[in-house]
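Here's the structure we're looking at; comments come further down.
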Amino acid sequence: MLKAFAAGLIAATILGNAGAHAETLSIALGSVGRDVDEMRGQLDAFEKASGHKVTIVTMPASTTDQFGQYRLWLSAGNKDVDVYRTDVIWAPQLAANLVDLSGPMKDVIGQHLPAVIQSQTVDGKLVAMPLFADAPALYYRKDLLEKHGRQVPKTWAELTETAKFVQDAERQGGNAQMNGFVFQGAAYEGLTCDALEWTASNGGGQIVSPEGEITVNNPKAAAALDMAHGWVGTIAPQGVLGYMEEESRGVWQTGNAVFMRNWPYAYPLGNAADSPIKGKFDAVPLPAGEGGQSAACLGGWNLAISQYSEHKDAAIELVKFLTSAEAQKSRALGTARLPTIPSLYEDPEIVAQQPLVAKWKSVFENATPRPSAPTKAKYNEVSQQFWTAANKTLAGQGDGAANLQDLERQLRRLKRNAW
Ligand code: GLC
């Protein structure tokens, strides 16, 4: 009798008290690719298991716009959102408004890669639990490279040359819409990722060093930005200056680009039944710069619970459910989300059904972080200054050297004596 009661209690703790304390939660998340329907599918499973209800508050696609909205809500003590899906770079800036998850999640924290947990820990407080990691790929059209007798590029210089060659040959052959390369050139956080990859792979550093030193104003970083400027209007459409992830994928997936820089979510979408490029492409790590190394910007998303939530216990159940090995596996299979639980990279089903995920473990583990840890609460402004300098350079408003000199001045002003 006592045993049965104890078992019931355990089930109730894991699954929630179906019916008895059913609560309605809300979760805010952005809407790139299949973000929202992927989440809805997992929420339906959670609702069934727990008896709670969860509604989605859909945010804009741009991570920058989401951040602005979250910050407004959190600073106003908004009680309407219980769980926020948060970008890997936000932990230091939002920490004060979020629940410390180190206690509630103590049994499962050890499953995740320590570096990811570390990135979400601010002064000992675990601000968010990892949902999935992100690390970009160079997508390329196998069929077009083969047709024109070209190799997959290993350096940015090779990419520039190959993209131009194939684009021109295709255009001459009557394919007037073809572009060589699409990426994220709009003035937002995504450009910080792309431009960091260009500068870091060229030996130009990480904008601000892990020790907090402003290092961005150097000739290698400037040369990398100038190289990217050279793409605009030649291998990339002029419109790339306004492209985020989904605009790049739109061009790519309709078959109008030879190469694309994007995150893994674009892989299964490109191979969907109705995709014109199904079976015609593959993905490799990004090209190397003059420094001989390739750099992938570390991305990823997490779940955080608002301090102002009136349903914290149910929210904890939800976060546990969505960040569990089972949920991470189902996202890896469904949408090629990179798990933060290392053992999943050897999971036979993942290896068989999403080879990109299995191949991407080392890309993710060696990815270059954006300087959110060293610049703390000022990261967003640092990033904004950096993407502005990059976007101006792409547009030909000043060259890399001039814009980085300006950027250094802005960053010094932001930093003053310490971040
Ligand atoms: C992806 C990454 C995220 C990054 C964003 C930029 O969503 O996971 O970390 O900030 O792209 O657009």
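The values are calculated or read from the model by the stated rules, or taken from the named source; none is laboratory data. Since this is a predicted model, take the numbers as computed values, not measurements. Note that we place each Cβ from the backbone using ideal geometry, even for glycine, and neighbour counts take in every protein chain shown. All accessible areas refer to the heavy atoms of the entire protein, side chains included, with ligands and DNA or RNA removed. Shrake-Rupley method; radii C 1.70, N 1.55, O 1.52, S 1.80 Å.
A few comments on the model shown:
- Residues of region 282-313 satisfying the condition of being within 16 Å of the ligand (Cβ to nearest atom) and under 22 Å from residue 371 (Cβ atoms): 286, 295, 296, 297, 298, 299, 300, 301, 302, 304
- The set of residues in region 40-76 being away from the ligand (no atom under 15 Å from the Cβ), open to solvent by less than 20 Å² (accessible area, probe 1.4 Å) and part of a loop (DSSP other than H, G, I, E, B) consists of 52 alone.
- Filter pass, residue 37 being away from the ligand (no atom under 13 Å from the Cβ) and open to solvent by less than 10 Å² (accessible area, probe 1.4 Å): no
- Flag if residue 335 is under 24 Å from residue 108 (Cα atoms) and β-branched (Val, Ile, Thr): yes
- Going through (1) surrounded by 23 or more Cβ atoms within 10 Å (Cβ to Cβ); (2) under 26 Å from residue 97 (Cβ atoms) one by one, residue 312 falls short only on (1).
- Among the residues of region 277-298, the one identified as surrounded by 15 or more Cβ atoms within 10 Å (Cβ to Cβ) and more than 22 Å from residue 154 (Cα to Cα) is 277.
- When region 261-276 is filtered for residues that are more than 16 Å from residue 61 (Cβ to Cβ) and either open to solvent by 20 Å² or more (accessible area, probe 1.4 Å) or away from the ligand (no atom under 16 Å from the Cβ) (or both), the ones remaining, listed by number, are 267, 268, 270, 271, 272, 273, 274, 275, 276.
- Of all the criteria given as (1) open to solvent by less than 10 Å² (accessible area, probe 1.4 Å); (2) within 22 Å of residue 283 (Cβ to Cβ), the one not satisfied by residue 140 is (1).
- Count of region 39-70 residues which are over 20 Å from residue 311 (Cα atoms) and charged (D, E, K, R): 1
- Filter pass, residue 346 being open to solvent by 50 Å² or more (accessible area, probe 1.4 Å), of a type outside the set (Ser, Thr, Tyr) and within 16 Å of the ligand (Cβ to nearest atom): no
- Here the helices (runs of 4 or more DSSP H) wholly within region 85-159 that include at least 3 residues being within 15 Å of the ligand (Cβ to nearest atom) are 91-94, 114-119.
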